[in-house]
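Enquirer: First, the structure itself, so that you have it in front of you.
What follows is calculated from the coordinates using simple rules that are stated; it is not laboratory data. The shown structure was predicted, so the numbers you read here are calculated from the model rather than taken from an experiment. Glycine also receives a Cβ, built like all others from the backbone with ideal geometry; neighbour counts cover every protein chain displayed.
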Amino acid sequence: MDKQIAAAKRTNNITYAVRDVLLIADEVAKTGKEMLYLNIGDPNIYDFAPPRHMIEDTYKAMLANHNGYSPSSGIKPALAAIIRNAEKKGITNIQDVFITTGASEAIDICLTSLVNEGENILTPTPGYPLYTAIQSKLQMISNPYYLDEENNWQPDVEDIKSKINDKTKAIVLINPNNPTGSNYSTEALQQIIDLALEHDLIIFADEIYDKLLMDGKDHISIASLNSEVPVITFGGLSKNYMVPGFRIGWGIVSGNKNKLSKYLEAINKILRSRLSANHPEQYSIVGALEGTQEHLTVAMEKLTKRRDLTFEMMNAIPGISCVKPEGAFYAFPKLEIKNSDNHFVAELIKETGVVVVPGTGFGQKPRTNHFRLVFLPQEEILEKAYKNIGDFFQKYVEKFEK
């Protein structure tokens, strides 16, 4: 009998709930049931598209044969545009900028360059599961902090403070937040800066949704509030410019130069070793950041209507409550059930074909249950999905909660 090849132990705890639910959904789809997918934040599946000039800029770059490797950190015009855009947001004292294969690669590189086995970073709960996946890969110690559902999912600063220890290297912020859609207050951001300075921590500011704000809200980049605190601000084209498949992201390093010098050397070692991000697509960055932003006006009109529909219909279901999202295109409704949200979501998919993601996949306070939904689809799809969720919830309670 052939001996099986053992997998590395570092992969044991890696999960990605957003796609893991598709294992159930794919089986249900085979039965011919109509499927309503509210699980993946991909605007291109629905009625969103990038500005045409971005596609044309990439095409022209390919025709000009910019199809080889780029410099490891990215092409100069794109890097300069990223810096100009950061400065418009109030970010100063910039020490380095680099372009990566999506913001995900930037996050992976920066964590790999910073954290040793047995050390930890403070990660938001709920939060994007990429961070916990990298945490497992690097054999870091889990150190989650909570967002406060009773306070519009703002970071619980006292919880962060209580969890800093001598092995803590960084604080992660996802703002606007995935999965809750929250937009952090200046007060909370300033308190986090104070903690980072007091404990010599770096701040990882994941701001990939920073242009997708509703209700006239402003987004505040945490790096803009203090020029000395070490911050890496992560951004990219994926969400704001409707090209997640481009896989173009970046990191902006700002703060005290002396504190950051050795760390930057380590980051650039890894950047050089993996050669470069996609070369021709980097030529779309200047036009994206500095060209017309008309697509954002159109997108936010759609998203605001769909957010309002989501908020109203979710809160109309007895046993489900939902904090109103202010940014991105996610909501994180709370379930008043005795069973787990994993069980609820599995049964929901089997019974209705509505695909959402259990809150467990993003983290949540003990003894609470949630699910994440994406409100990118057109209103008629959302209305049908939400009606199905409401009808199913009552059946679920009668069948499993008595």
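Enquirer: If you rank Trp250, Trp153 by fewest surrounding Cβ atoms within 10 Å, what's the result?
Expert: If I rank by nearby Cβ atoms, fewest first, I get Trp153, Trp250.
Enquirer: Please give the contour-minus-distance gain from Arg274 to Glu56: 0.36 nm per residue of separation, less the Cα-Cα distance, rounded to one decimal in nm.
Expert: Result: 75.8 nm gained on full extension.
Enquirer: Related question: Please turn the phi angles of segment 110-120 into ³J(HN,Hα) values with the Karplus equation 6.51 cos²θ - 1.76 cosθ + 1.60 (θ = phi - 60°), one per residue in order, whole Hz, x for glycine and proline.
Expert: Once θ is set to phi - 60°, the couplings for segment 110-120 become 5, 5, 4, 6, 10, 9, 8, 3, x, 8, 8 Hz.
Enquirer: Moving on to the next point. In segment 310-331, whose amide N lies under 20 Å from the spot 7 Å out along Cα-to-Cβ of Thr186? List them in ranges.
Expert: Only 326-327 fall inside the zone, counting backbone N under 20 Å.
Enquirer: Determine the dipole magnitude for segment 52-290: charges of +1 sit on the beta-carbon of Lys and Arg, -1 on that of Asp and Glu, nothing else is charged, the reference point is the Cα centre, and the result goes in debye to the nearest 20.
Expert: Dipole magnitude for segment 52-290 comes out near 1060 debye.
Enquirer: Also, I was wondering about something else. Please give the FRET efficiency for Lys399 paired with Asp159, using the beta carbon to beta carbon distance and R0 = 51 Å, rounded to the nearest 0.05.
Expert: 0.90
Enquirer: Which residues' amide hydrogens lie under 5 Å from the amide hydrogen of Val354, considering only partners 5 or more residues apart or on another chain, with H built in the peptide plane?
Expert: Leu36
Enquirer: At 0.36 nm per residue, and after removing the present C-alpha to C-alpha distance, how many nm does the segment from Arg367 to Glu301 gain when stretched out fully?
Expert: Stretched fully, the Arg367-Glu301 segment lengthens by 20.1 nm.
Enquirer: Another question, if that's okay. Between Gln378 and Ala64, how high is the FRET efficiency from 1/(1 + (r/R0)^6) when r is the Cβ-Cβ distance and R₀ = 41 Å? Nearest 0.05.
Expert: Efficiency, rounded to the nearest 0.05: 0.60.
Enquirer: Related question: Taking the alpha-carbon distance from Lys30 and a cut-off under 22 Å, which lysines remain once sequence neighbours fewer than 8 residues away in the same chain are dropped?
Expert: Cα-Cα hits under 22 Å: Lys350, Lys384.
Enquirer: So if I place +1 on the C-beta of Lys and Arg and -1 on the C-beta of Asp and Glu, and nothing else carries charge, what would the dipole magnitude of segment 353-402 be about its Cα centre? I want it in debye, nearest 20.
Expert: Around 320 debye, computed over segment 353-402.
Enquirer: Please work out the C-alpha center-to-center distance from segment 262-341 to segment 3-56 and express it in whole Å.
Expert: Spelled out, the Cα-based centre of one part sits 16 Å from the other.
Enquirer: What percent antiparallel are the DSSP beta bridges of the chain, to the nearest 5?
Expert: 60
Enquirer: Quick check: pseudo-label points 7 Å beyond the Cα along Cα→Cβ at Thr292 and Ala6, how many nm apart are they?
Expert: Roughly 6.0 nm, to one decimal.
Enquirer: Could you compute the FRET efficiency for Lys217 and Ala49, with r as their C-beta to C-beta distance and R0 at 30 Å, rounded to 0.05?
Expert: 0.80
Enquirer: Same structure, new question: Limiting things to C-alpha atoms, what are the Rg and the maximum Cα-Cα separation (Dmax) for the chain, in angstroms?
Expert: According to the Cα coordinates of the chain, Rg and Dmax are 21.3, 67 Å.
Enquirer: Separate question: Segment 103-143 to segment 347-402: how many Å between their Cα centroids?
Expert: Between the Cα centre of segment 103-143 and that of segment 347-402, the gap is 29 Å.
Enquirer: Then there's this: Among Pro244, Leu195, Thr11, pick out the residue whose Cα is farthest towards the positive end of the charge dipole of the chain, where Lys and Arg carry +1 and Asp and Glu carry -1 on C-beta, about the Cα centre.
Expert: Thr11
Enquirer: Per-residue ellipticity at 222 nm for the chain, helices alone: DSSP H runs ≥ 4 residues times -39500 (n - 2.57), over residue total, nearest 500 deg cm²/dmol?
Expert: So the helix-based figure for the chain works out to -12000 deg cm²/dmol.
Enquirer: Send over the semi-axes of segment 52-290's equivalent ellipsoid, whole angstrom and largest first, taken as the square roots of 5 times the C-alpha gyration tensor eigenvalues.
Expert: Whole-Å semi-axes of the equivalent ellipsoid: 29, 20, 16.
Enquirer: For Lys33 and Ala316, calculate 0.36 nm times their separation in residues minus their Cα-Cα distance, and state this gained length in nm to one decimal.
Expert: Computed gain between Lys33 and Ala316 is 99.3 nm.
Enquirer: Taking Cα atoms, how many degrees apart are the long axis of helix 294-315 and the longest axis of the chain, rounded to 10 and kept between 0 and 90?
Expert: Roughly 30 degrees between the two axes.
Enquirer: May I ask you to list the lysines whose Cα is less than 21 Å away from that of Lys262, ignoring any residue fewer than eight positions away on the same chain?
Expert: Leaving aside lysines fewer than 8 places away in the same chain, those within reach of Lys262 are Lys167, Lys169.
Enquirer: To the nearest 20 debye, what charge dipole does the chain have about its Cα centre, counting +1 at the Cβ of each Lys and Arg and -1 at the Cβ of each Asp and Glu?
Expert: So the magnitude is around 960 debye.
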